[in-house]
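The values are calculated or read from the model by the stated rules, or taken from the named source; none is laboratory data. Here the structure is a predicted model, which means the values were calculated and not measured. Using ideal geometry, Cβ is built from the backbone for each residue, glycine included, and neighbour counts are taken over all protein chains shown.
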Amino acid sequence: MLFVELLVPRGVFDEEERRRLAGRLTGRRLLSAADGEAVDADPGVIDLFDSLTHVVVREEDVWSGGGRLLDASQGPWYVVNVIVGMWGKEMGGHLISRITAELAEAEGNPEPRAVVHVISLPEGGYGLRGRAQRSSDVLRLIEEAKTGPSAPVQDGMIVDPVCGATVPLKDAVILERDGQTHGFCCTHCRGHFVKRSRGAQAS
């Protein structure tokens, strides 16, 4: 569900290097945790996002940065535009960090010259299967895709019942209902859970 556009100056990377860069910016890699930490997203949801993510790498003929024209001899520069559907606010920090880390590792430079834009779409601005998808539609797809945590849930963590993400209890969006504590990764998941519960009670 991501569209990642990586812009690089012409001549800095050959085709094989551009292919490797694209391989570093897949949904699976970007939505996973960094530094070998446990992945906090549900494996089935990661599979769904990965299957719906597209990455393009474009070479630009003319590139001006810092008020001057750049060329291949000045080394890599990157501009990354990543469209994330309706969850730019929730995913922005993570995606900026992960994209920058992937480019740093690829280049062997801890501070690559990269600008990352995380672009949200308005509600209903994402199309799939020939129709506009609202956040509730996407959350239903996510719910259907989740498979459950791949590892036991550690103390102080809670599993989001909608998307299956494992989140620290202290950072979770909490809902107390019927004597149970439910924790969510974001307000979208909490809202979807509440609406779904109301619908189930009404039927």
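It is to be established whether one or more residues within region 97-105 are modelled with pLDDT of 95 or more and touching a Phe, Trp or Tyr at 6+ places or on another chain (Cβ under 7 Å).
yes
Just checking, does region 42-51 include any residue being touching a Phe, Trp or Tyr at 6+ places or on another chain (Cβ under 9 Å) and under 30 Å from T147 (Cα atoms)? Reasoning before the result, please.
Here is the first cut: in region 42-51, the residues touching a Phe, Trp or Tyr at 6+ places or on another chain (Cβ under 9 Å) are none.
There is no residue in region 42-51 that is touching a Phe, Trp or Tyr at 6+ places or on another chain (Cβ under 9 Å) and under 30 Å from T147 (Cα atoms).
Please go through region 75-90 and give me each residue that is within 10 Å of the chain's Cα centre (by Cα) and without any contact (Cβ under 8 Å) to a residue 60 or more places away in the chain, ordered by number.
G88
From the list E111, E102, which one is in contact (Cβ under 8 Å) with a residue 60 or more places away in the chain and of a type in the set (D, E)?
That would be E102, the only listed residue that is in contact (Cβ under 8 Å) with a residue 60 or more places away in the chain and of a type in the set (D, E).
For G36, state whether it is within 22 Å of G191 (Cβ to Cβ) and either in a loop (DSSP other than H, G, I, E, B) or at pLDDT 90 or above (or both).
no
If you take the residues in region 133-163 that are in a loop (DSSP other than H, G, I, E, B) and of a type in the set (G, A, S), which one is surrounded by the most Cβ atoms within 10 Å (Cβ to Cβ)?
Top of the filtered list is S150.
Within the set of pairs 6+ apart or on separate chains, which have a first residue in region 174-203 that is among the polar types (S, T, N, Q), a second that is at pLDDT below 90 and loosely packed, with under 14 Cβ neighbours inside 10 Å, and C-beta atoms under 8 Å apart?
Pairs found: S197/R177.
Please state which one of R28, R18, R58 is in contact with an Asp or Glu (Cβ under 8 Å, 6 or more places away or on another chain) and either small (G, A, S) or in a strand (DSSP E or B) (or both).
R58
I'd like the full set of residues that are over 13 Å from I46 (Cβ atoms) and in a loop (DSSP other than H, G, I, E, B), limited to region 164-182.
Of everything in region 164-182, those that are over 13 Å from I46 (Cβ atoms) and in a loop (DSSP other than H, G, I, E, B) turn out to be A172, D178, G179.
Go through region 66-94 and count every residue that is part of a strand (DSSP E or B) and out of contact with any Pro (no Cβ under 9 Å at 6 or more places or on another chain).
7
Scan region 93-112 and give yes if some residue there is surrounded by fewer than 13 Cβ atoms within 10 Å (Cβ to Cβ), of a type in the set (G, A, S) and over 22 Å from L31 (Cβ atoms), otherwise no.
Within region 93-112 (the criterion being surrounded by fewer than 13 Cβ atoms within 10 Å (Cβ to Cβ), of a type in the set (G, A, S) and over 22 Å from L31 (Cβ atoms)), the answer is yes, since at least one residue qualifies.
Can you find a residue in region 159-166 that is within 25 Å of V4 (Cβ to Cβ), touching a helix residue (DSSP H, G or I) at 6+ places or on another chain (Cβ under 6 Å) and of a type in the set (D, E, K, R)?
Looking only at region 159-166, we keep the residues that are within 25 Å of V4 (Cβ to Cβ), and these are 160, 162-166.
Filter again for touching a helix residue (DSSP H, G or I) at 6+ places or on another chain (Cβ under 6 Å), leaving 160, 162-164.
When the remaining residues are screened for being of a type in the set (D, E, K, R), the result is 160.
Yes, region 159-166 contains at least one residue that is within 25 Å of V4 (Cβ to Cβ), touching a helix residue (DSSP H, G or I) at 6+ places or on another chain (Cβ under 6 Å) and of a type in the set (D, E, K, R).
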